[in-house]
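The values are calculated or read from the model by the stated rules, or taken from the named source; none is laboratory data. The structure displayed is predicted, hence computed values, not measured ones. Positions of Cβ are generated from backbone atoms using ideal geometry, with glycine treated the same way; all protein chains shown enter the neighbour counts. Only protein heavy atoms, including side chains, enter the accessible area calculation; ligands, DNA and RNA are left aside. Shrake-Rupley method; radii C 1.70, N 1.55, O 1.52, S 1.80 Å.
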Amino acid sequence: MALLAGRATRRVAERGAELLRAKREALAVELLAAVRGVVAERVRLDERLREAVKALALARALDGEVVLESLALAGARQVPVEVDTRRVWGIPVPTVRAPRLVRSPDARGASPWELTLAAGQAALLHEEVLELMLGICSDEARLKRVGEAIHNTSRRINALEHLVLPALARELARVENALDERAREDFARLKRFKAGRAGTRDAGVHQHERFKQFR
């Protein structure tokens, strides 16, 4: 029973290691896709941010600081941001959701003659920058969680391959050796028993022959 139970445990551990390796491979694919997405979005963010800074500097030079502050107050708003959770191979990954942030000129709270072309362009570019930043937040959170999951999965695989499975192999070898030793002892005992019975039978036959001679 101990041998069968040990072999069953080893099969379960080997199967668990296989599943963990498959999970790690799938997570590595997910991680690579997340890295590519974050890199591409950061490049786009850097480009848009440089454009937005230049547009703001131009609007400040053309319209003045007071006008821009007035337009900013008129267009102020609250941005509802929600954080949802989705699962990737059982791993909770946060996802940031927000409404569309880029607005049309008439939705910025200023009259058409107050909102200059330079100020409108600066506002548009900064809204695009904010949208990109929220998107990057989701991807970087996913990147972090997937990276942590790969690290934890690798630790579990190493524990199975270098600790659990070798210990099970040693235990199975010990049980098999004990069973072999017991089988050898049983065989030797049976052999002695048969030899004893054969000797007793031969002695009985010899005594019976001698008894017949005396008769």
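Can you name the residue in segment 113-144 that is part of a helix (DSSP H, G or I) and of a type in the set (S, T, N, Q) and, of all such residues, is least open to solvent (accessible area, probe 1.4 Å)? So, considering only residues that are part of a helix (DSSP H, G or I) and of a type in the set (S, T, N, Q), the one least open to solvent (accessible area, probe 1.4 Å) is SER138.
Conditions (1) closer than 30 Å to VAL38 by Cα; (2) at pLDDT below 70, marked per residue:
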site: LEU143; (1), (2): yes, no
site: VAL146; (1), (2): yes, no
site: ARG155; (1), (2): yes, no
site: LEU163; (1), (2): no, no
site: LEU190; (1), (2): no, no
site: GLU209; (1), (2): no, yes
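Cβ separations smaller than 7 Å between residues 6+ apart or across chains give the following pairs from segment 22-38 residues that are in contact (Cβ under 8 Å) with a residue 60 or more places away in the chain and closer than 17 Å to CYS137 by Cβ to residues that are acidic (Asp, Glu) and open to solvent by 50 Å² or more (accessible area, probe 1.4 Å): VAL38/GLU140. One residue stands out among those in segment 1-30 that are in contact with a Lys or Arg (Cβ under 9 Å, 6 or more places away or on another chain) and of a type in the set (A, V, I, L, M): the one that is farthest from GLU131 (Cα to Cα), which is ALA17. Within segment 96-112, does at least one residue satisfy the condition of being of a type in the set (Gly, Ala, Ser), surrounded by 15 or more Cβ atoms within 10 Å (Cβ to Cβ) and not in a loop (DSSP other than H, G, I, E, B)? Within segment 96-112, not a single residue is of a type in the set (Gly, Ala, Ser), surrounded by 15 or more Cβ atoms within 10 Å (Cβ to Cβ) and not in a loop (DSSP other than H, G, I, E, B). Based on this model, can you work out whether ALA72 counts as within 20 Å of VAL102 (Cβ to Cβ), in contact with a helix residue (DSSP H, G or I) (Cβ under 7 Å, 6 or more places away or on another chain) and surrounded by 12 or more Cβ atoms within 10 Å (Cβ to Cβ)? Criteria not met by ALA72.
For segment 147-170, the criterion of being free of Cβ contacts under 8 Å to residues at least 60 places away in the same chain, outside any helix (DSSP H, G or I), open to solvent by less than 60 Å² (accessible area, probe 1.4 Å) and out of contact with any Leu (no Cβ under 6 Å at 6 or more places or on another chain) is met by no residue. Of all residues in segment 36-93, those satisfying the criterion of being more than 33 Å from the chain's Cα centre (by Cα) and among the β-branched types (Val, Ile, Thr) are VAL53, VAL66, VAL67. Taking segment 6-50 as the range and being over 27 Å from VAL88 (Cβ atoms), surrounded by 11 or more Cβ atoms within 10 Å (Cβ to Cβ) and modelled with pLDDT under 85 as the test, the residues that pass are GLY6, ARG7, THR9, ARG10, ARG11.
Among the numbered conditions (1) in contact with a strand residue (DSSP E or B) (Cβ under 9 Å, 6 or more places away or on another chain); (2) touching a residue at least 24 places away in the same chain (Cβ under 8 Å), the only one that THR85 does not meet is (2).
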